[in-house]
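Since the structure comes first, as structure tokens, the remarks are kept for the end.
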Amino acid sequence: MKASQFFISTFKEAPVDAVISSHQLMMRAGLIKKLGAGIYNYMPMGLRVIRKVEAIVREEMTRAGAIEMSMPVIQPAELWQETGRFESMGPEMLRIQDRHGRDFVVQPTSEEVVTDVMRQDIRSYKQLPKNLYQIQTKFRDERRPRFGLMRGREFIMKDAYSFDRDPAAAKASYQNMAQAYRRIFDRFGLTYRAVAADSGAIGGDLSEEFQVIAATGEDAIVYCPTSDYAANMEKAEALAPLALRREALQSLAKTPTPGKATCADVAELLGIPLQTTVKSLVLATEQTNAAGEIVKTQVWLLMLRGDHSMNEIKVSKVPGLDTGFRFATLAEIDDHFGCEPGYLGPLSLKKPVKLVVDREAAALADWVCGANEADFHMTGVNWARDLPEPDLIADIRNVVAGDLSPDGKGVLAIERGIEVGHVFYLGTKYSRAMNATFLDENGKPQFLEMGCYGIGITRLPAAAIEQNHDERGIIWPDAIAPFTVVICCISPDRFPDVKMAGDKLYEALLAAGVDVILDDRNERPGAMFADWELIGVPHRITIGDRGLKEGQLEYQHRRDTASSKIEAAGAFDFLKEKLGL
């Protein structure tokens, strides 16, 4: 490709709504153009990156035995109603009606549709296993689309779905895809971690996320530097403390804490470690009758150490809270505690509550909590002596750096990451709901065992930029760069030898299968170099009249701070070695 024939549109300034580096640089480099909130045109330069991502994914999906198909973007609501997700998915799923008033959805994912395909065609265990995948447009109506392609509303995703005869076979398919994902992300040339994850709204009980490491990542990744343990914050277990609870040394006392409504403020006032305070969080659950009317509300008190934070995913797995919860209203809090938030505690309650205590808080002695009276806290509180042992002790907090690793091989560290892939073992969650069965060896119907596997095709380039950029622009890994090599000819209209040398090297690289672009635009060198540094092409060859007369060209990798001289006659072989050809 020659630059004079290509569409290059770069800008010095980023739009004011572009906050993170990838959004700014993708807009400035002309990779994407905004059409609406969370909706972008993929411009020619950006589409080349996307197509390279897709090509790697397709190659590895084929290698793993997956078969490509394509499912409609617009899907009938009836399928989603069979699984209950038409109602439960929430406003993120865009629901529409056709001219006849029939309900449809704009697909956010395709478990229902692919299950419908398989229940029509799979009759016998002899037809299994099968794995179908697509690379298709998705739409999720984000409340606050932001960060460009990182959290847009319309995006491209690779979603694959495996179908097996039993759990053992399904888990083998899961492991096969998990290994395929590792090959994919290795080929992208990005630093990433595969971490144990919670399955979320998709369902299932075996799940891994693939996180590209980046300081601006939205997700906290928990790992052990001295072992292979890695999980996301939702999944990472906080172990119970090794030491047993010590004996009480202090007497229970009601202590004035005027205006101090947070654990940190109370600890500072009393001159005690924050770790000896306990925070109180109040939740509520509701029971409804067949008509959907609330017949009973149960208030729950969750207690954590003052320096810890609640993990909502873990809380959602606590028996009694696993059917759904909300934070209690001020009226409910007053009804049970007789006090405003900030001074709440488990002593002197007006009405009983269900008590759930985090493992660390349950191991404390002589701790501090609210007195259920404004401007007062209780000090020297002890389990068993001052109040009964808790109804339930559970892991309900986020881990922190320095916690013991769940595998017993060290302590935990935390870094930021961007989720770009996710693999799930689903079991029969969807096949059972949609009656997708096959006949086993005994002629008996069995539900299909399923897995699902997603990669954010358009999110991945943004994640790559967050990990690979500098003050000059993007730094693409070779595998997904819009072009691998750019040849910059300085004033080719004035110097025929420069044009001839550029054309010759360009043709040789094309013949060798190198993805190369020849910049023949007669731009000033500074403007030309600035464009390609912003766009992020990894390898740059510069051909100028003076150097050519000396038998030399200039080479600069995008990560280099300066160019180096190379022999003009050996430029082709030099690049082949650099590119590993």
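Here, each number is a calculation from the coordinates, and none is a lab measurement. The model shown is predicted, which means the values in this text are computed figures rather than measured ones. When we count neighbours, we look across all protein chains shown, and the Cβ atoms used for this are built from the backbone with ideal geometry, even at glycine.
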Inverting the mean 1/r over all pairs of different Cα atoms, compute the Kirkwood radius of region 253-394 and quote it in Å.
15.5 Å
Sequence of 557, 377, 308, 100 once ranked by neighbouring C-beta atoms within 10 Å, starting from the fewest:
100, 557, 308, 377
Compute the length gained on full extension between residue 288 and residue 407: take 0.36 nm times their separation in residues and subtract their Cα-Cα distance, giving the result in nm to one decimal.
38.7 nm
Inter-site label distance for residue 545 and residue 62 at 7 Å from Cα along Cβ, in nm
4.8 nm
Using the Cα centre as the reference, give the magnitude of the dipole from point charges on the C-beta atoms of region 117-168 (Lys, Arg: +1; Asp, Glu: -1; all else neutral), rounded to the nearest 20 debye.
180 debye
Please report, in Å, the Rg and the Dmax of region 483-578, where both are computed over Cα atoms only.
12.0, 31
Name the trypsin sites (Lys or Arg not before Pro) in region 47-142 that are in a loop by DSSP and that have at most 15 other C-beta atoms within 10 Å, would you?
99, 102, 123
What does the highest-first list of 67-77, 399-409, 456-466, 534-544 look like by mean Cβ count within 10 Å?
456-466, 534-544, 399-409, 67-77
As an exercise, use a Förster radius of 60 Å and the Cβ-Cβ distance of residue 270 and residue 98 to find the FRET efficiency, rounded to the nearest 0.05.
0.40
Rounded to the nearest Å, what's the spacing between the alpha carbon centres of region 486-526 and region 302-345? Just the number, please.
66 Å
Give the calculated FRET efficiency between residue 218 and residue 384 to the nearest 0.05, with a Förster radius of 30 Å applied to their Cβ-Cβ distance.
0.10
Could you list 78, 415 in order of exposure, starting from the residue whose Cβ has the fewest other Cβ atoms within 10 Å?
78, 415
Once the principal axes of the Cα atoms of region 332-390 are found, what is the range along each, listed largest first in whole angstroms?
28, 23, 18
Candidate cut points under trypsin sites (Lys or Arg not before Pro) in region 180-250, DSSP loop plus at most 15 other Cβ atoms within 10 Å of their own Cβ, are 245, 246
Once the Cβ-Cβ distance between residue 262 and residue 316 is put in as r, and R0 is 22 Å, what FRET efficiency do you end up with, to the nearest 0.05?
0.30
Please give the charge dipole size of the chain, origin at the Cα centre, charges +1 on K and R Cβ atoms and -1 on D and E Cβ atoms. Round to the nearest 20 debye.
920 debye
Proportion of all alpha-carbon pairs of region 210-267 beyond 18 Å (%)
66 percent
Restricting to lysine pairs 8 or more places apart or on different chains, what number in region 227-312 have Cα atoms under 30 Å apart?
4
If you put +1 on each Lys and Arg Cβ and -1 on each Asp and Glu Cβ, how big is the dipole of region 476-581 around its Cα centre, in Debye rounded to 20?
160 debye
Return the distance in nm (one decimal) between the two label points of a simple spin-label model at residue 226 and residue 578, each offset 7 Å from Cα along Cα→Cβ.
4.3 nm
